[in-house]
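A.B. asks: Below is a structure I'd like to ask you about.
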Amino acid sequence: MTKILKFALFIISIGSLLSCAATKQPSLSTKTLIIGSKQVDCTGVGPQKCYLVKEDGAQEWSNFYGAIEGFDYKEGYEYQIEVAVTEVDNPPADASSLNYKLVKILKETQDPYMALSATWVIESLDGKATDPLKTYILFDPTNDRISGYAGCNGLGGSMKYDAEADTLSAGPFMSTMMYCEEVAEHERALGKVLEQFNKFKVEGDVLTLYKDGKALVSAKKGENHRELFRNWEVTKIEGVADMGENIPNFFLSKDLEANGTGSCNNFKGKFELDAYSKAIKIGPLAATRMMCADNDVEGAFFMQIDKVNRYEVDGKELYLYQDDQLLIKAKRK
């Protein structure tokens, strides 16, 4: 009898353990989510970026504050995805009680509105040739902004895309008020395009803007270089371990003129840009001829800047390269 009782208690204990284990298993479900083509600023525990999400047939977008494990999101694309949703045991007070993990991507579609995000270089307006380095439209669909430039005044305004009707409206526009006779005709033509267009088409690297089916202008994806036209103070030169107090400075203007100091002698000259890339050629530079004792920095600066063939601007810093080799680094003054 005692053996039977002990066996019964053992069976009950095992059953209790299995029951407890079963209750600790997280519940699992799957959902289908539609992820919007751009992220938005939102505030959870602190400021962050949120996905825009629709689920369960919702018509309106809502903010998704968490992460989706295994999901490699690219802005400009709308996704339909299947996710596994599990409950999190004892989540922190500031964290979600649910964990989301990608099962599979059901559909990935480029948002035509987000495909506008670029600088679009214009070579002709109203049948007349323009300077492609100084004539462009910049679309910023993430912030619903548009700006244009034709060599003198900048124009800027808001824009709104109606996905259902596939139409885009822009304006009203604000503009600076300088009068530049040599480009005034181009500025008027560009302003007319920006005020009138209501349709667009992006095909590869070519953008066409339309008014009720009539093409107004075509443009090619390129660069506007506006962040380059600044005063720069050199912080690093290839081959120079310590510049000490011999700090070169230079200014690059929108008229493609370069001037500055190598840290002893002043210099000036021209530089060349490409409307469709970050290619750059600086010089030749003409400099004064003062003797600069114990200054090896200036010679290194002139030697390296002569080799530069491309650039990058990252925030307030300028990087000058020869192919992939960094030659000069500078900061905005």
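A.B. asks: For labels at Glu257 and Leu98 in the simple 7 Å Cα→Cβ model, what's the distance in nm?
C.D. replies: Roughly 6.2 nm, to one decimal.
A.B. asks: What Kirkwood hydrodynamic radius, in Å, does segment 272-333 give when the mean of 1/r is taken over all pairs of distinct Cα atoms and then inverted?
C.D. replies: The Cα-based Kirkwood calculation yields 13.0 Å.
A.B. asks: Further question on the same structure: Within the chain, what's the longest stretch lacking GluC sites (Glu not before Pro) that sit in DSSP loops with no more than 13 other Cβ atoms inside 10 Å? Don't skip to the end; give the middle numbers.
C.D. replies: Details: sites that count: Glu60, Glu164, Glu245.
Result, exposed sites excluded: 61-163.
A.B. asks: Next question, about the same structure. Roughly what would the spin-label model give for Asp314 and Glu233, points 7 Å off Cα along C-beta, in nm?
C.D. replies: Here the answer is 2.0 nm between the modelled labels.
A.B. asks: Taking the simple approach of a point 7 Å from Cα along Cα-to-Cβ for both Asp306 and Phe71, what is their distance in nm?
C.D. replies: According to this spin-label approximation, the distance is 5.5 nm.
A.B. asks: So, one more: Could you work out the Rg to Rh ratio of the chain, with Rh taken as the Kirkwood radius (inverse of the mean 1/r over all Cα pairs)?
C.D. replies: Numbers: Rg = 29.9 Å, Rh = 25.1 Å.
Computed over Cα atoms, the ratio is 1.19.
A.B. asks: Here's another thing I want to ask about it. I'd like to verify something in the chain: which complete DSSP H helices, judged by Cα projection on the helix axis, reach 24 Å or more and average at least 1.0 on the Kyte-Doolittle scale? The partial results should precede the final answer.
C.D. replies: On the way: long enough: 2-24 (33 Å, 1.34).
Long hydrophobic helices here: 2-24.
A.B. asks: Hey, another quick one. Along the charge dipole of the chain, Cβ charges K/R +1 and D/E -1, which of Tyr100, Gln39, Phe229 sits furthest on the positive end?
C.D. replies: Ranked along the dipole, the leading option is Tyr100.
A.B. asks: With a 1.4 Å probe and every protein chain left in place, tell me how much accessible area Asp89 has, in Å² to the nearest 10.
C.D. replies: Accessible area, nearest 10 Å²: 110 Å².
A.B. asks: Please get the size of the charge dipole for the chain, origin at its Cα centre, with Cβ charges of +1 on Lys and Arg and -1 on Asp and Glu, quoted in debye to the nearest 20. Can you show the working numbers first?
C.D. replies: Working: 39 positive and 49 negative charges, 131 e Å.
Computed charge dipole of the chain: roughly 620 debye.
A.B. asks: Which distance in Å, rounded to a whole number, links the C-alpha centroids of segment 92-116 and segment 147-225?
C.D. replies: Cα centroid of segment 92-116 versus Cα centroid of segment 147-225: 32 Å apart.
A.B. asks: Which one, Gly171, Asn153, Asn198, is farthest towards the positive end of the dipole of segment 113-209 when Lys and Arg carry +1 and Asp and Glu -1 on their Cβ?
C.D. replies: Toward the positive end, the furthest listed residue is Gly171.
A.B. asks: When the solvent-accessible surface of protein heavy atoms is calculated with a 1.4 angstrom probe, in what order do Arg145, Arg188, Arg332 fall, highest first? Could you put the intermediate results ahead of the total?
C.D. replies: Working: Arg145 110, Arg188 160, Arg332 75 Å².
Most to least solvent-accessible, the answer reads Arg188, Arg145, Arg332.
A.B. asks: Okay, helix-only estimate at 222 nm for the chain: each DSSP H run of n ≥ 4 adds -39500 (n - 2.57), divide by all residues, round to 500 deg cm²/dmol; what do you get? Don't skip to the answer; put the middle values down first.
C.D. replies: Working: 3 runs with 45 residues, N = 333.
Mean residue ellipticity, 222 nm, calculated: -4500 deg cm²/dmol.
The values are calculated or read from the model by the stated rules, or taken from the named source; none is laboratory data. For clarity, every value in this text was computed on a predicted model and none was experimentally measured. Every residue, glycine among them, receives a Cβ derived from its backbone with ideal geometry; neighbour counts consider all protein chains shown. Note: accessible area is taken over every heavy atom of the protein model, side chains too, but ligands, DNA and RNA are not part of it. Shrake-Rupley method; radii C 1.70, N 1.55, O 1.52, S 1.80 Å.
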